[in-house]
Amino acid sequence: MEKETRLTRSECKVMDILWQCPGICAGDAAREAARLFGWNKNTTYTLLKNLAAKGAIAREEPGFRCVPLVSRDEIRQSELRDLAQRLFGGDLAALAGAAFALSPSGALHPAPQEESSGKMAQAAPSRGRRLH
């Protein structure tokens, strides 16, 4: 992937269908999205059109087949880099440390090395926002 492809949550859901069934026709993808998410056919078609415009998929004939052009790993890496940039100034190690500091309940518990460096205090959102 030359340029990073940013996807919305809904686009990621459609990509999950396409990654599981590469080359699925648009109609079948729409039926699967309706079954999984309760979406209208037109919603899925719009998302497929957006994905094609972003270069994430190719639409091929016959049958308007949808072929992923980006892998799940490429999207994951892109999203992780973006998250690290937005929340940790691009520091992937700080992002990983914050992820490991999450308790099983999802509460954030600073790791010992972060307490001394203060990175978590700088990166944690203020105004009482919960981290998920």
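Scanning for something touching a helix residue (DSSP H, G or I) at 6+ places or on another chain (Cβ under 9 Å), exposed (fewer than 15 other Cβ atoms within 10 Å of the Cβ) and not in a helix (DSSP H, G or I), does segment 26-35 turn up at least one residue?
Within segment 26-35, none of the residues are touching a helix residue (DSSP H, G or I) at 6+ places or on another chain (Cβ under 9 Å), exposed (fewer than 15 other Cβ atoms within 10 Å of the Cβ) and not in a helix (DSSP H, G or I).
Take the residues of segment 36-59 that are free of Cβ contacts under 8 Å to residues at least 24 places away in the same chain and not in a helix (DSSP H, G or I): which is surrounded by the fewest Cβ atoms within 10 Å (Cβ to Cβ)?
38
State whether the residues of segment 67-80 include one that is more than 19 Å from residue 7 (Cα to Cα), among the hydrophobic types (A, V, I, L, M, F, W, C) and either surrounded by 13 or more Cβ atoms within 10 Å (Cβ to Cβ) or modelled with pLDDT under 50 (or both).
no
The values are calculated or read from the model by the stated rules, or taken from the named source; none is laboratory data. Here the structure is a predicted model, which means the values were calculated and not measured. All Cβ positions, even for glycine, are placed from backbone atoms using ideal geometry, and neighbour counts span all protein chains on display.
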